[in-house]
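I have placed the structure first, in the form of C-alpha cells, so that the comments after it can refer back to it.
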Amino acid sequence: FVGAGKPPMYGDYEAQRHWQEITYNLPIRQWYFNTSDNNLLYWGLDYPPLTAYHSLVCAFIAKLLNPEWIALHTSRGYESQPHKLFMRTTVFVADLLVYIPAVILYCSSLKETSAKKKASTCALCILLYPGLILIDHGHFQYPLSLGFALWGVLCLSHDWDLLGSVAFCLALNYKQMELYHSLPFFCYLLGKCFKKGLKGKGLVLLAKLAGTVVFSFAACWLPFGTDVEQIMQVLRRLFPIDRGLATSSPKDKVANIWCSLSVLIKIKNIVSPQTQLKLSFAVTFLSLLPACIKLTVQPSLRGFKFALVSCALSFFLFSFQVHEKSILLVAVPVCLIINEIPFMATWFLLVSTFSMLPLLLKDGLLLPYAATMPAFLAVCLASFSILDKTSAEDLQLRAFSLSLKGYMAWFKSFPRIVRSLFLLSLSLMGVLSLLSAAVPPPRSLPDLFPVSVSVVSCLHFLLFLVYFNIVILWDSKNSKSQKKTS
C-alpha cells in the first residue's frame, strides 16, 4: 500500500484503519471533533455518518480478530500481513454484497441486451473496468457509495422510485461526492411528478419522495441530530471550503479545468477562496443546466443515464475541490451506457483510468495499471467490436448530423476520423505512460509528466462533455423513452 512504513500519515490504507480505531474507541459526539484522542489533522473523519457507521462495523470484527488493530493511539501506522488480508477482505465483501450484484442485475434488466450472453458480456466489461479495480483494491477505498448509487439507478429503471430514492440517499450519506449524481436523480423524479400532474398522482408521488428522503436522512443522522453544533461540525468536515479551489490536496495533479488552467494562471493567487467557490459554482451550474432542463421537461430513463454522465463530468471539470479518483463518479455512469455507445464508453473509461496515472504511480500500481488497461481494451474489442461502431448512428449523433444539413458530406468520413482520433489518443496515452514510468523529468520541470497527463486528460474530458451534451439535447430516441416512462 502507498505510504506503508512512511510516517507520519502512512497513506490512505491507514485512513480507513484509523477511522475504525476512532469510531470504536470514542463516543459518537467526538468522532468529528478535534480532541486529545482525535487529532483531526491525522486522518480525521471527513465523510458522512454512514461511512463512520461502516468503519464501526468493521472495527467490531477487527476487535474480535486482533484488538491491536484498533487500539487507541498505539495502533497508529499498524501494518501486518493478517491485517492487510482483513482490510482487503472487507473491500471484497463490500463488492460482493453491494456493487457486483447491482452491476449483474442492471445488465440482466437491460432491454437492449435480451440475450443472456449479451448481458453477461456487458457485466464482464463493467466489472473489469480498471479504474475502479485499481482504486478500490490498490489505492484503497470502499465501493459502497457507487454501489448504492447503482442500486438507485436499478430501482428507477423498474419504476421503484421510493426504493431508488432510499438507495441514493444511502449513497449520499456514505460519501458527499455523490452530489455529482444528485441533480439527475432529482430532475428525473421531479419530471415524472410533473408528467403525472401536480394536481393528482404527481403530487402524491412528490409527497412520497419528499417523505422518503427526509426519513432516510433522519435515520442516518439521528445520533447527531440532538445537537446543532454536532451537525454543523460534521458539515464543516464534509465541506472544508477554506482549502481553496482545484483539488483536495495542493500536490495533486487533477485532470479538471482549474488544475489545467493553473499551468498558465495561478487562480489561487488572484482571488480569495470565497470568490473561487462562487466562480466554480457558477461555471458548474451553467455547464450542467442544459442537461438538467432537458431531463426535467422530458424525463426518460435513457436521458437520465446520459444526464448522470454529463452532470458528473461537469462537477469533475469545474467544481470546488476535486480528487483524481473523483473521475470514478463519471466512469461508473459511463459503464451503464457501454451497451448503447460501446466505442465512446470504452474510450472514456480508458482515458479516465489514464487520468489517474500520477496517483497510481504514487501508489506503486504501475504493473497492475499496465496489465489491466490492455486487458480491458481487449475485452471491449472482442465483446462489442467497438472499431466497427463509429458511425453517426452508432454514436447516437444521427439527429445532430441531420440538423447540420449543409455539412452532411463531412459526416460521410466521420467514422474514419473518429477511429483515427481514437488511435491517436491511445498512442498519446501509451507514450505519456511510458515517459511517466521510465524517464526522469527535467530538473527545471519536475512536474512535467503529471501535468501533461492531467492537461491531456482534461482536453479529452472537455470534448466528451460536449459530446454527451449533444447526445442529450439531440436525443432522437427520447420520444420512445418517454412512452416507456409513461
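The values are calculated or read from the model by the stated rules, or taken from the named source; none is laboratory data. On a predicted model such as this, the values are computed, not experimentally measured, just so you know. With ideal geometry, Cβ positions are generated from the backbone for all residues, glycine too; neighbour counts draw on all protein chains shown. Calculation scope for accessible area: heavy atoms of the full protein, side chains included, ligands and nucleic acids excluded. Shrake-Rupley method; radii C 1.70, N 1.55, O 1.52, S 1.80 Å.
Spelling out what I want: for every residue of segment 153-168, take phi, set θ = phi - 60°, compute 6.51 cos²θ - 1.76 cosθ + 1.60 (Karplus), and round to whole Hz; glycine and proline get x.
4, 4, 5, 5, 5, 9, 6, 8, 5, 5, 5, x, 5, 4, 4, 6
Would you calculate, for the chain, the mean residue ellipticity at 222 nm contributed by helices, counting each DSSP H stretch of 4 or more residues as -39,500 (n - 2.57) and dividing by all residues, to the nearest 500?
Details: 23 runs with 312 residues, N = 486.
Using -39500 (n - 2.57) per qualifying helix, the result is -20500 deg cm²/dmol.
Scan the chain and report its longest stretch carrying no GluC sites (Glu not before Pro) that are both in a DSSP loop and have at most 15 other Cβ atoms within 10 Å. Write down the numbers at each step before the final one.
Details: sites that count: 79, 112, 393.
Longest site-free region, per DSSP loop and neighbour criteria: 113-392.
Note down the accessible area of residue 373, probe 1.4 Å, to the nearest 10 Å².
My reading of the accessible area for residue 373 is about 30 Å².
Give me a comma-separated list of calculated 3J(HN,Hα) values for segment 66-72, in order, Karplus coefficients 6.51, -1.76, 1.60 applied at θ = phi - 60°, integers in Hz, x for any Gly or Pro.
Those phi angles translate into 6, x, 5, 5, 10, 5, 4 Hz.
Any chance you could look up the accessible area of residue 228 with a 1.4 Å probe, heavy atoms only, rounded to 10 Å²?
110
Carbon and sulfur together cover what percent of the accessible area of the chain at a 1.4 Å probe radius? Provide the component values of the computation, followed by the final result.
Numbers: 15000 of 21780 Å².
C and S fraction of accessible area: 69 percent.
Please give the per residue accessible area of segment 249-476, computed with a probe of 1.4 Å over protein heavy atoms only, in Å². Could you put the intermediate results ahead of the total?
Numbers: 9800 Å² over 228 residues.
Solvent-accessible surface per residue comes out at 43 Å².
Can you compute the equivalent ellipsoid semi-axes for the chain, i.e. the square root of 5 times each eigenvalue of the Cα gyration tensor, sorted largest first and rounded to whole Å?
Values: eigenvalues 248, 167, 101 Å².
Gyration-tensor ellipsoid for the chain: 35, 29, 22 Å.
Got a number for the accessible area of residue 398? Probe 1.4 Å, square angstrom, nearest 10.
Surface accessible to solvent at residue 398 totals approximately 110 Å².
Set the bar at 28 Å for Cα to Cα. Now go through 175/208; 175/195; 196/389; 195/325 and name every pair that lies beyond it.
Details: 175/208 24 Å; 175/195 31 Å; 196/389 37 Å; 195/325 37 Å.
Result: 175/195; 196/389; 195/325 exceed 28 Å.
What are the semi-axes of the equivalent ellipsoid of segment 12-152, taken as the square roots of 5 times the eigenvalues of the Cα gyration tensor, listed largest first and rounded to whole Å?
On the way: eigenvalues 237, 47, 28 Å².
For segment 12-152, the ellipsoid semi-axes come out as 34, 15, 12 Å.
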